[in-house]
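The values are calculated or read from the model by the stated rules, or taken from the named source; none is laboratory data. Since the model is a prediction, treat every value here as computed from it, not as a measurement. Here the Cβ positions follow ideal geometry from the backbone for every residue, glycine too, while neighbour counts run over all protein chains shown.
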Amino acid sequence: MAAEEIKKGLAGVVVDYTAISKVNPETNSLLYRGYPVQELAAKCSFEEVAYLLWHGELPTQDQLTEFSARERAGRALDAVVKQVIDTLPTTGHPMDVCRTAASVLGARHPLAGDSSPEANLAKAKDLFAAMPAVVAYDQRRRRAAGHPIEPVEPRDDLGYSANFLWMTFGEEPVDEVVEAFDVSMILYAEHSFNASTFTARVITSTLSDLHSAVTGAIGALKGPLHGGANEAVMHTFDQIGIRTEESLEEAAARAKTWMEDALAQKKKVMGFGHRVYKHGDSRVPTMKAALDKMIAHYGRPELLGLYNGLEQAMDEAKAIKPNLDYPAGPTYHLMGFDTPTFTPLFVASRITGWTAHIMEQTASNSLIRPLSEYNGVDERHLP
Ligand SMILES: CC(=O)SCCNC(=O)CCNC(=O)[C@H](O)C(C)(C)COP(=O)(O)OP(=O)(O)OC[C@H]1O[C@@H](n2cnc3c(N)ncnc32)[C@H](O)[C@@H]1OP(=O)(O)O
Ligand SMILES: O=C([O-])CC(=O)C(=O)O
């Protein structure tokens, strides 16, 4: 087989249909179940978007009330999950904690062993409700530096995003911050056959269970070429140096120099580039607007300087545009999340898209098993 016939990384290969989202690099747009993601971010809550991804339609008021009550009832940290987390070293990555928690929740789910559409929907909704407590508690226990702590109990009077921030920081968040966080959750929720979703679909295609597929997807998301890039962006900012006393222009100039050096050394700079979008990520303008609001809210213009300087230098040198992880990283930093918690935030959101794809794959399954071209040693025999 000619080398050009081999689609390394499956680049450009269409492997199946999906009705969940449409990524269109030509028009630079992203639709969830037909709705532009920007409209959803402006007009809907993350709970409504999660419902849309699973059910194909936005909820009526009654459906939302019922779904919201279910989500609120499932928010507390599972006692066994807490015990398991407490045994895990804080030197490990929080994504390891997420992955382990998803696995434990699967093993303990009352419907474990049942992969009917009804059971899968119930499992998806339960995971969606449960994951914020895992992420929030893990950040808090790391900050407690080994001293035993109790999770912050969830609050029924708060929506998903406000409660997530409450459980993480133990303080009631202001509306502006809640809105920016909710926008990030909506934008991160779904993106067709990305690496982690495809992983979930491969696992599902063997008729394995939903939690196994989500656990595998978390592993795929962890890498810096995928979800791990939102953390890597903050490491870049840290490497350049965040100087709160600096003006926007001074910070931009230092960032530009840093990027020019990095590119001269042929480094890959995380937060830039995309397999599908070649003229910019459809979600970036909306996330950048949320970042701008947070920069104004917290009074941190120097971060905008670093952001602009890197973006400009990359554009001038290689015309490569930022992806969603680029504005999301500094947004989470401003909100007070520790850098290793950024990708777990992505997990909490993407659970919706992954599980929608798991259900879609189950409904129209075919074992995913591509071919390979052998290029090892010729046939040989033992003496
Ligand atoms: C939510 C998400 O998961 S979005 C993706 C998050 N990932 C990142 O931000 C990681 C950084 N980006 C990258 O590594 C890449 O852009 C990917 C993996 C996302 C997509 O890559 P691909 O489509 O496979 O393109 P590929 O990696 O082959 O890049 C094509 C060219 O652009 C360059 N390039 C692409 N991205 C970058 C980058 N971030 N920094 C520097 N150069 C880059 C490559 O070096 C390559 O150059 P060359 O042709 O001179 O060798
Ligand atoms: O689509 C991709 O390859 C990566 C991405 O942006 C996402 O998963 O949100």
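Somewhere in region 1-13, is a residue among the hydrophobic types (A, V, I, L, M, F, W, C) and either assigned by TED's automatic domain parsing to the domain that holds Glu153 or within 18 Å of Phe164 (Cα to Cα) (or both)?
no
List every residue pair whose Cβ atoms lie under 9 Å apart, where the two residues are 6 or more positions apart in sequence or sit on different chains, the first residue falls within region 259-270 and is β-branched (Val, Ile, Thr), and the second residue, located anywhere, is more than 9 Å from ligand 1 (Cβ to nearest atom).
Val269/Thr236; Val269/Met259; Val269/Leu310
Looking at Ala129, Ala119 in this structure, which one is under 20 Å from the mean Cα position of the chain (by Cα) and assigned to a helix (DSSP H, G or I)?
Just one listed residue meets the conditions, Ala129.
Quickly run through region 322-352 and pick out the residues that are outside any helix (DSSP H, G or I) and within 14 Å of ligand 2 (Cβ to nearest atom).
Across region 322-352, the qualifying residues are Pro322, Asn323, Leu324.
Got at least one residue in region 118-127 being at pLDDT 95 or above, in contact with a Leu (Cβ under 6 Å, 6 or more places away or on another chain) and not hydrophobic (A, V, I, L, M, F, W, C)?
Yes - at least one qualifying residue is present in region 118-127.
Return the only residue of Ala229, Ala136, Ala200 being farther than 30 Å from Leu306 by Cα and crowded, with 23+ Cβ neighbours inside 10 Å.
Ala200
If only one of Gly336, Gly353 is among the small types (Gly, Ala, Ser), at positive phi and touching a residue at least 12 places away in the same chain (Cβ under 8 Å), which one is it?
Gly336
Is at least one residue of region 161-178 farther than 18 Å from Asp138 by Cβ, among the aliphatic types (A, V, I, L, M) and either in contact with a Ser or Thr (Cβ under 7 Å, 6 or more places away or on another chain) or within 13 Å of ligand 1 (Cβ to nearest atom) (or both)?
yes
Check Leu303, Leu310 and return the single one that is surrounded by 24 or more Cβ atoms within 10 Å (Cβ to Cβ), assigned to a helix (DSSP H, G or I) and more than 18 Å from the chain's Cα centre (by Cα).
From the options Leu303, Leu310, the qualifying one is Leu310.
When you scan region 176-289 for helices (runs of 4 or more DSSP H) that lie fully inside it, which ones turn up with 3 or more residues that are within 16 Å of ligand 2 (Cβ to nearest atom)?
195-205, 210-222, 229-240
Please work out which one of (1) touching a helix residue (DSSP H, G or I) at 6+ places or on another chain (Cβ under 9 Å); (2) more than 12 Å from ligand 1 (Cβ to nearest atom); (3) over 18 Å from His93 (Cβ atoms) is the condition Asp261 fails and give its number.
Condition (1) is where Asp261 drops out.
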